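To start, the structure itself, in structure tokens.
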Amino acid sequence: MDHLVVVTGGPGSGKTALIEHLAALGHARTVEAGRAIIRDQREIDGPGLAWRDDDLFAELMLSWEMRSHREASAWEGPVFCDRGVPDLVGYFLLRGLPVPAHVDRAARRFRYHRRVFVAPPWPEIFTGDAERHQSPEEAERTHRAMAEAYPAHGYELVELPRVPVAERARFVLDVLGTAPRLPGARAERR
């Protein structure tokens with residue numbers, strides 16, 4: 001699955017802004033599971049929120065990421081994934097819990113490009129919002145958990161520079177040896 005490229009890291013580090021910029025250049029993308037699940041669960045006052053049932057929230061994120069992987073596997077060209085299945089391994093590490101066997105199996109089965117881009121904590125751009133309840137300290141801990149989870153599953157981390165989003169996008173495309181797509185060739189997937 002060399003065309004599925006993960007961008008991970010802690011919240012508020014510019015991951016989604018980067019992926020949105022790459023999508024504006026015409027590249028396909030996936031949507032972050034956690035944010036989408038929070039929006040959906042709030043809409044129906046559902047139980048699958050981290051602050052209501054952390055285990056259910058984790059299972060919903062795992063299912064979302066597996067579905068996103070399957071769908072994106074059929075797409076052509078690079079697909080920029082706003083997190084991936086191994087993020088769930090990091091989620092359990094962040095919580096200080098053992099990683100369930102089925103989560104580890106999923107992280108080993110659903111593969112991505114060997115290079116995973118990790119956005120380092122960036123306090124200067126960190127902001128909270130309706131879906132982001134974490135503190136800058138938790139963002140740092142999340143980054144460390146992802147930096148542990150991905151290499152443990154055979155991936156090479158490439159740290160994103162703390163530069164404006166257009167420069168970050170150029171960096172990613174240069175590392176991958178991929179050119180921006182033509183304007184108007186938008187290939188965003190949700």
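Derivation of every value follows stated rules applied to the coordinates shown; laboratory data play no part. Since this is a predicted model, take the numbers as computed values, not measurements. Backbone-built Cβ (ideal geometry, glycine too); neighbour counts: all protein chains shown.
For the range 30-51, how many residues meet the condition of being over 25 Å from I19 (Cα atoms) and crowded, with 18+ Cβ neighbours inside 10 Å?
Qualifying residue count, the range 30-51: 1.
If you go through the range 59-68, how many residues are under 25 Å from V172 (Cα atoms) and buried (at least 22 other Cβ atoms within 10 Å of the Cβ)?
2
Being crowded, with 20+ Cβ neighbours inside 10 Å, in contact with a helix residue (DSSP H, G or I) (Cβ under 6 Å, 6 or more places away or on another chain) and in a helix (DSSP H, G or I), is that true of even one residue in the range 3-17?
Within the range 3-17 (the criterion being crowded, with 20+ Cβ neighbours inside 10 Å, in contact with a helix residue (DSSP H, G or I) (Cβ under 6 Å, 6 or more places away or on another chain) and in a helix (DSSP H, G or I)), the answer is no, since none of the residues qualifies.
Taking L56 as the residue in question, decide whether it is touching a Pro at 6+ places or on another chain (Cβ under 9 Å), in a helix (DSSP H, G or I) and surrounded by 22 or more Cβ atoms within 10 Å (Cβ to Cβ).
It is false that L56 is touching a Pro at 6+ places or on another chain (Cβ under 9 Å), in a helix (DSSP H, G or I) and surrounded by 22 or more Cβ atoms within 10 Å (Cβ to Cβ).
So the check is Cβ under 7 Å with 6+ separation or different chains; which pairs have a first residue in the range 78-90 that's under 14 Å from A24 (Cα atoms) and a second one that's in a helix (DSSP H, G or I)?
Cβ pairs passing all conditions: P78/L176; V79/A72; F80/I19; F80/L22.
Between a residue in the range 17-42 that is over 23 Å from H113 (Cα atoms) and any residue that is in a loop (DSSP other than H, G, I, E, B) and of a type in the set (G, A, S), which pairs come within a Cβ distance under 7 Å, given they are 6 or more apart or on different chains?
So the pair list comes out as I37/G48; Q41/G48.
Just to be sure I understand the filter: pairs with C-beta atoms under 8 Å, separated by 6 or more residues or on different chains, first member in the range 139-151 and in contact (Cβ under 8 Å) with a residue 40 or more places away in the chain, second member surrounded by fewer than 18 Cβ atoms within 10 Å (Cβ to Cβ) and not polar (S, T, N, Q). Which pairs pass?
H143/P120; Y150/L157
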